[in-house]
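Accompanying notes for the structure given below.
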Amino acid sequence: MSPDTHKDSCAKNKATLVLASASPRRRELLQQIGVRFSVMPVDICEEVHPGEDPETYVARLAKEKAEAGLARSNAAAVLGSDTSVVMSGEILGKPVDADDAERMLMSLSGSNHEVMTGVALATAQETQVCVVTTVVHFKELSPETCRAYWQSGEPRDKAGAYGIQGLGAVFVDRIEGSYSSVVGLPLAETAEMLTQAGIPIWQPE
């Protein structure tokens, strides 16, 4: 469905929730809990501000995405989210090439890191924001494994150069916290936000 079609859908139904993200993983997570929504990705600057810590960064981006989506749509509520992989205070973005992916993965090897996901729900009345942090423990990796993983194509559009919901799951020894947050959307916290805003979950198809 095109963005214009989504806009038309929102105009016809003020109760429609809009997801301000192109992420297929976030769409699947919302569908998992039975939420009805339309998709309308927004473009915002995602540069880290000078002196900005990772938690503030993901909260700000989630809020800016949600509020940008609200300004463009007729929906009653817009959901924005941003996920960052954080190692020793450094935000690891999407790898630019194979060498960058290997650098990231080897920095995560045999250690633990944080995955922070900011979620924001914007309505005409207010914008709710929360940040969920999950600790992910990686097993030891070899450079050869990192290069083979790059060849799979999966890490190319993933923060931190891996996807826990895909092939990269084999790197994860254990997690402490929300699995769905690492994938891209903490479902418990998101469901609570939606319910408070009058957006139902567990809707039949």
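Go over the candidates 42, 35, 18 one by one and state the one that is assigned to a strand (DSSP E or B) and either among the basic types (Lys, Arg) or buried (at least 20 other Cβ atoms within 10 Å of the Cβ) (or both). After applying the criteria, what remains is 18. Taken over the range 178-205, the criterion of being surrounded by fewer than 19 Cβ atoms within 10 Å (Cβ to Cβ) and among the hydroxyl-bearing types (Ser, Thr, Tyr) is satisfied by 178, 179, 195.
Yes/no per residue for (1) open to solvent by less than 10 Å² (accessible area, probe 1.4 Å); (2) not in a helix (DSSP H, G or I):
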{"site": "91", "(1), (2)": "no, yes"}
{"site": "106", "(1), (2)": "no, no"}
{"site": "115", "(1), (2)": "yes, yes"}
{"site": "118", "(1), (2)": "yes, yes"}
{"site": "137", "(1), (2)": "no, yes"}
{"site": "145", "(1), (2)": "no, no"}
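The lone criterion from (1) open to solvent by 10 Å² or more (accessible area, probe 1.4 Å); (2) in contact with a strand residue (DSSP E or B) (Cβ under 9 Å, 6 or more places away or on another chain); (3) of a type in the set (A, V, I, L, M, F, W, C); (4) farther than 18 Å from residue 184 by Cβ left unmet by residue 129 is number (4). Inside the range 64-89, residues that are of a type in the set (Gly, Ala, Ser) and assigned to a helix (DSSP H, G or I) make up a count of 4.
Put simply, of 96, 78, 58 the only residue that is at pLDDT 95 or above and in contact with an Asp or Glu (Cβ under 6 Å, 6 or more places away or on another chain) is 58.
Picking from residues in the range 147-177 that are outside any helix (DSSP H, G or I) and in contact with a strand residue (DSSP E or B) (Cβ under 7 Å, 6 or more places away or on another chain), the one that is most open to solvent (accessible area, probe 1.4 Å) is 174. I need the full set of residues from the range 45-63 which are part of a helix (DSSP H, G or I) and either open to solvent by 70 Å² or more (accessible area, probe 1.4 Å) or closer than 18 Å to residue 189 by Cα (or both), in order please. Across the range 45-63, the qualifying residues are 55, 56, 58, 59, 60, 61, 62, 63.
The values are calculated or read from the model by the stated rules, or taken from the named source; none is laboratory data. What you see is a predicted model; the values in this text were computed from it and never measured. Using ideal geometry, Cβ is built from the backbone for each residue, glycine included, and neighbour counts are taken over all protein chains shown. To get the accessible areas, we keep the full protein, side chains included, count just its heavy atoms, and leave off ligands, DNA and RNA. Shrake-Rupley method; radii C 1.70, N 1.55, O 1.52, S 1.80 Å.
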